[in-house]
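Inspection log for the structure reproduced underneath, given as structure tokens.
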Amino acid sequence: MKKKMLLLNTTVLLGLGGVLSTPAYASTIQDMESQKSQIQNQRQDVQSNIKAASDELTRLQAEQDQMKAQLERLTIAEEENNKKAQKTEADIKETSKQVAQLEKEIKLLQEKLEKRNDVLKDRARSMQESGGNVEYLQVLLGSSSFGDFVDRALAVSTIVDADRGILTETKNMQDELKTKQADVKSKLANLEDMKAELDEMTVQLAAQKKQKDALAKELKDKEAKNEELKASLQSKDSSLANEQSTLEQNIKDQKAAEEAARKAAEQAQKAAAAPAEKADSSSAKAEAPKASSNDVAPTSAPAPKASNVVTVGNRWIGNSAYVFGGGRSQSDINHGLFDCSSFVHWAYSQVGVNLGPLGSVSTETLKHAGTQVSSSQMQPGDLVFFDTYKKDGHVGIYVGGGKFIGAQSSTGVAIANMSSGYWKQKFNGRVVRI
């Protein structure tokens with residue numbers, strides 16, 4: 001009986017030994033470990049792409065927010081400039097009425113002067129016939145026009161009192177009407193120039209809005225595509241994670257089976273050596289290694305601070321809009337709404353220089369705010385003036401290299417070239433050093 005048990009145990013041992021001697025388990029586990037490693041590498045690539053997509057989404061959203069804020073500024077600027085254009089147009093109509101009224105008055109005066117001319121001629125002829133004052137006759141005969149006659153006649157000291165009164169009154173009326181007409185025509189010309197400037201500004205703002213609307217739409221499309229790409233990558237990563245989890249479980253099961261077979265072989269060996277001895281069976285569980293990754297949040301460097309008047313306005317480049325008369329309240333400044341003179345006032349205030357009351361600052365006040373120097377001695381920080389809709393109608397801060405920074409109607413706050421093109425033509429040579 002013992003011989004039969006020994007033979008049976010030997011047969012079982014040899015059979016298990018044959019199973020363990022084959023490379024089936026090792027090969028299967030090795031293949032699965034290799035597949036797991038490949039999937040982990042793929043997941044690393046996918047997760048890297050997901051992070052890149054997330055970073056791009058953050059950038060696009062920030063750009064979208066900035067674009068939205070600029071569109072809001074341009075909308076406000078457009079509304080304000082439209083209001084000023086409407087008011088200017090009303091002022092032009094009123095001033096045109098004044099010009100028309102003065103022209104009527106001038107016409108009536110001319111008719112009145114013609115009648116007085118006839119009266120004076122009759123007086124002169126009467127004096128000539130009666131042997132009157134020769135000097136008075138020479139004044140009349142030597143004048144090139146009636147206006148010239150009035151000026152010359154008043155210089156003659158021997159004119160009769162009645163004629164002198166007529167001539168003096170006529171002279172005063174002429175001078176008064178000429179002054180009124182010159183003032184009103186000058187006001188009308190300035191208003192028409194301002195209206196043209198505002199109309200051009202409205203066109204430029206509309207063009208900027210159209211361009212930025214198109215850019216905002218393009219950013220929105222990019223954002224949608226990037227969201228789609230990110231979702232696709234996340235889906236792929238989830239699929240790879242499932243495959244990895246399945247492989248890890250298979251490896252665990254395979255290792256458990258191998259361990260069970262090994263222990264069964266050991267038990268068979270013990271049974272063969274001592275048939276009467278009973279072996280206790282046990283199982284072992286292996287834990288799969290856990291993978292971990294640490295994402296480092298990107299840090300942004302602090303924004304550089306402006307150090308002087310030449311660079312302090314750079315923060316408004318691309319973040320501002322031009323409003324005729326804007327920048328004279330804290331609300332306007334907070335929203336980046338300036339005109340040329342209020343921007344200069346703001347820039348100098350940032351470096352501790354007060355250029356007078358903000359509410360009344362203009363190109364006229366700024367050109368008297370410092371010392372005028374030759375344009376050949378121009379240096380960074382000097383104020384430079386341009387003749388636009390009127391003389392000294394625009395001002396900026398020279399930054400060097402033939403360029404200046406200012407609030408331009410076409411761009412808002414920007415650096416412009418005054419060495420060539422439009423601004424070179426408009427630069428009038430006035431340079432003021434603060």
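Looking only at the stretch 55-70, decide whether some residue is among the charged types (D, E, K, R), exposed (fewer than 15 other Cβ atoms within 10 Å of the Cβ) and in contact (Cβ under 8 Å) with a residue 40 or more places away in the chain.
Yes: one or more hits.
Among the residues in the stretch 317-331, are any open to solvent by less than 50 Å² (accessible area, probe 1.4 Å) and over 28 Å from residue 71 (Cβ atoms)? Taking every residue of the stretch 317-331 in turn, none turns out to be open to solvent by less than 50 Å² (accessible area, probe 1.4 Å) and over 28 Å from residue 71 (Cβ atoms).
Summed over the stretch 389-426, the residues that are out of contact with any helix residue (DSSP H, G or I) (no Cβ under 8 Å at 6 or more places or on another chain), free of Cβ contacts under 8 Å to residues at least 60 places away in the same chain and under 29 Å from residue 88 (Cβ atoms) give a count of 7.
Every condition in (1) out of contact with any Gly (no Cβ under 6 Å at 6 or more places or on another chain); (2) of a type in the set (S, T, N, Q); (3) not in a loop (DSSP other than H, G, I, E, B) holds for residue 354 except the one numbered (3). Scanning the stretch 230-263 for residues that are polar (S, T, N, Q) and open to solvent by less than 40 Å² (accessible area, probe 1.4 Å) returns a single hit, 244.
Against the criterion of being assigned to a helix (DSSP H, G or I), at pLDDT 75 or above and of a type outside the set (A, V, I, L, M, F, W, C), residue 220 qualifies. Exactly one residue among 419, 410, 376 is part of a helix (DSSP H, G or I), open to solvent by 10 Å² or more (accessible area, probe 1.4 Å) and hydroxyl-bearing (Ser, Thr, Tyr), and that residue is 376. Where residues in the stretch 379-403 are part of a strand (DSSP E or B) and not β-branched (Val, Ile, Thr), which of them is surrounded by the most Cβ atoms within 10 Å (Cβ to Cβ)? Result: 396. Pairs are defined by a Cβ separation below 7 Å, a sequence spacing of at least 6 or placement on different chains, a first member in the stretch 319-342 that is within 24 Å of residue 388 (Cα to Cα) and part of a helix (DSSP H, G or I), and a second member that is open to solvent by 40 Å² or more (accessible area, probe 1.4 Å) and among the charged types (D, E, K, R); the pairs so defined are 342/328.
The values are calculated or read from the model by the stated rules, or taken from the named source; none is laboratory data. These numbers were taken from a predicted model, which means no experiment stands behind them. Neighbour counts run over all protein chains shown; Cβ positions are idealised from the backbone, glycine included. To get the accessible areas, we keep the full protein, side chains included, count just its heavy atoms, and leave off ligands, DNA and RNA. Shrake-Rupley method; radii C 1.70, N 1.55, O 1.52, S 1.80 Å.
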